[in-house]
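Everything below concerns the one structure shown next.
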Amino acid sequence: MKRLFILMLFLSSFGQFFSQTQRFIYDTEINSDTINLQPLKHERTFLDLKNGQSTFISENKLLKDSLISVFKKQEESNPKLEKRNKKNKSDSPKLAAGNSLKPSFFNFFIEKNIDDKKVSLVENIGPQQIYYLEDRKIPWKISKETMLINGYKTQKATVNFGGRSWTAWFAPDIKISDGPYKFYGLPGLILKLEDEKGDYLFTFLKKITIPNAYAEQVQPNAKQSTRNNFNGDKAAIEFEMLQSRKDKYSRDSNSEISGRKGRMHGGGMGGGRSGGMEGGGDRMRGGGERNAESEDDEMGSQTPSNNQFSGFEGQRNAFGGRSQNGNSNNNFGNFRSDSDGNPIELR
């Protein structure tokens, strides 16, 4: 597989997915296990702004999604590519040093329209997107206390949200009423955000401008849910996907068994010359089926394989399976369990 920097060059060819972006980069510390004492996890998160809208997303998820977009476009232009990707799982995207892509604690992105005060949490369940609109306000209490962060004078604000007590430090000199995760509404950009238990800490690092940044989008066929029903609707989608895979596996298995029986019958079990003729006919038919199957394989599909790109069944995901050295710490399924174990919102 080509190295990461080569893969990323393809991104510039898909202009409809890209736009000029102001990116505010945060170092995010996460306590994924509140029961067992473990070191805090660190992950960079981005707040991308353009035309009055913003997207909060982790670096690892953005990298994964952008590479998936590249592969989809490549497969649409070359249908045979998917067949090779399916058969050669080791040919999945790797970092420049040959390491697997790192999993993200945040398996979603958040889209905000500040003018309309609309906040959407969007998650991919395999090829299916699901989202909900946040239905709660953020009642900030602004203090006169100040602190210097990265050369910016910031002011303190507090709020109870999602079952946690949060403290934010915002910079009035940066005239952007936004911040990490779902938080916005202060008279300045939030440069530091933490909950009182120390489970989550977002710290502003720097701002960069990207001429051709990959932009996440809510798909036209995305399923709309509600905040209260979100987990149940996700489980329903996952169950439907699992059932669909089981049905397909059952059909494929039955088809293979039928083909074997036909070949056995055609091997002379009918006896004598007629048996041989019958066998020859079956073999001819069997060969025709195999040729048809081979042709279908050559044509491939214009959509990526669920086993390859899906966030569902992480163990079989090309981005979520074990790395070549057998280390299971890069498993998206396991990492997602950490997030479920200590969610950013407790209620």
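Values for this structure:
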item: In the stretch 34-46, the residues that are of a type outside the set (Ser, Thr, Tyr) and either surrounded by 13 or more Cβ atoms within 10 Å (Cβ to Cβ) or modelled with pLDDT of 90 or more (or both); result: LEU40, LYS41, HIS42, GLU43, ARG44, PHE46
item: Residues being closer than 12 Å to LYS192 by Cα and in contact with a Phe, Trp or Tyr (Cβ under 9 Å, 6 or more places away or on another chain) - total across the stretch 147-164; result: 9
item: Single residue of ALA215, ALA222, ALA171 found to be more than 21 Å from ASN113 (Cβ to Cβ) and touching a Phe, Trp or Tyr at 6+ places or on another chain (Cβ under 8 Å); result: ALA171
item: Criterion violated by SER143 - all others in (1) in contact with a Leu (Cβ under 7 Å, 6 or more places away or on another chain); (2) without any contact (Cβ under 8 Å) to a residue 60 or more places away in the chain satisfied; result: (1)
item: Spans of strands (runs of 3 or more DSSP E) in the stretch 162-247 with at least 3 residues under 16 Å from ILE142 (Cβ atoms); result: 164-171, 189-195
item: Within the stretch 28-72, considering residues that are of a type in the set (Val, Ile, Thr) and in a strand (DSSP E or B), the one nearest to PHE108 (Cα to Cα); result: ILE57
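The values are calculated or read from the model by the stated rules, or taken from the named source; none is laboratory data. Worth saying up front: this structure is predicted, and the values here are computed from it rather than measured. For neighbour counting, all protein chains shown are included, and Cβ atoms are generated from backbone atoms with ideal geometry for every residue, glycine included.
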